[in-house]
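One structure below.
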C-alpha cells in the first residue's frame, strides 16, 4: 500500500459543471498518473506528472487539465463535464526512473448526468 | 492505434491447471513490461514485471515470458486458484525514456473450482 488517497470516491455531477478530483500520496513518489477505465477500453492515460509543476498529456487528455503544485497532490479537473466523461478514474504513483511499478488508488466513480 | 494489445477479453480455466494470458505490443521502444491484477471495485495491483533485457521472470506461481522478436509477452499462472479470478492488465513503459505506462484492455480470468 503506497498511501494513495483519492477523493471523492463517488460523485454525480451535471453536464457543463466543473469537477476536480484529488489524488494525495504519502510516499514521496516522483511520478503521478491519472487513468480512466471504461468497458472495452481498459486503462487509458489522461495526464501524468514527472515532478512538481511538470506534467504531460496522455492518450485521452482532451477535456481534462491537471495541476501539481506539491509532490503529494495531483489534481484532475474537468472544466465542463460531459456525459462521455462518465467513468472510473484511477490515480497512480511510482518512484520513476528504473523503478516503474506504479501503485494505484482505489478509484473515483464519476457520473455525469 | 493501440500499442499494447490483449486480444482475449476472457479466459476460463479449471482450478489447478495452468492459466496463460497473452499480450502483444507494437512499439519496439518499450523496455519494461508489467502485469497488473484488478478485482471489482478496487484499484489495480502490481503482479510481476520484466525488463527487456530478460526473457523470463518468475515469482512463485507467476511467470512472465518475453519474446522481443515477436513483440509478445505472456503470463503463466501455475497452479491456478479461484482467488486468481480477476481482470489482468498488461502494461509497457520506456518509450523514449518515458515512465509513462501504457495499458492493454485487459483479460478477465475465471478460475473454476
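A short reminder: the numbers here are calculations on the coordinates, not readings from a lab. Worth saying up front: this structure is predicted, and the values here are computed from it rather than measured. Positions of Cβ are generated from backbone atoms using ideal geometry, with glycine treated the same way; all protein chains shown enter the neighbour counts.
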Fill in the blank from the handout: Checked the range A:19-67 against the a/c 1.5 cut and the a/b vs b/c comparison, axes a ≥ b ≥ c from its Cα gyration tensor; verdict prolate
Exercise for the section: Assuming 1.002 mPa s and 20 °C, estimate D for the range A:1-46 with Stokes-Einstein, Rh taken as the Kirkwood radius over Cα pairs, in µm²/s. Expected result: 167
Fill in the blank from the handout: Computed over the protein assembly as shown, the distribution of all Cα-Cα distances in 10 Å bins, rounded to whole %, is 8, 34, 35, 19, 4, 0
Exercise for the section: Rank-order B:6-13, A:60-67 by packing density, defined as the average count of other C-beta atoms within 10 Å over each peptide's residues, highest first. Expected result: A:60-67, B:6-13
Completion exercise
Partner shielding of B:44-50, taken as the mean number of other chain Cβ atoms within 10 Å, equals 4
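From other protein chains only, count the Cβ atoms within 10 Å of every residue's Cβ in B:99-112, then give the mean.
Details: counts 13, 10, 12, 6, 7, 2, 8, 6, 1, 0, 0, 0, 0, 0.
Average per residue, whole number: 5.
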Problem - 10 Å Cβ neighbours from other chains, averaged over peptide A:37-46 - result: 5
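Is the range B:1-79 best put as rounded, prolate or oblate by its Cα gyration tensor, with a ≥ b ≥ c the root eigenvalues, rounded for a/c under 1.5, and otherwise prolate when a/b is larger than b/c, oblate when not? Let's see the in-between values first.
On the way: a/c = 1.59, a/b = 1.34, b/c = 1.18.
Note, shape of the range B:1-79 comes out prolate.
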Problem - Ratio Rg/Rh [Cα only; Rh per Kirkwood] for the range A:25-101 - result: 0.97
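Students often check this: by mean Cβ neighbours within 10 Å, which of B:48-60, B:99-111, A:72-84, A:41-53 ranks highest, and how do the rest follow? Walk me through the numbers on the way to the answer.
Working: B:48-60: 13.5, B:99-111: 21.5, A:72-84: 16.0, A:41-53: 18.8.
Order by mean packing, descending: B:99-111, A:41-53, A:72-84, B:48-60.
Stokes-Einstein at 4 °C, 1.567 mPa s, Kirkwood radius from Cα pairs: D for the range B:40-113 in µm² s⁻¹?
Working: Rh = 13.7 Å.
For the chosen part, D equals 94 µm²/s.
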Practice task
Just the number, please: percent antiparallel of the DSSP beta bridges in chain B, rounded to the nearest 5.
Solution key: 90
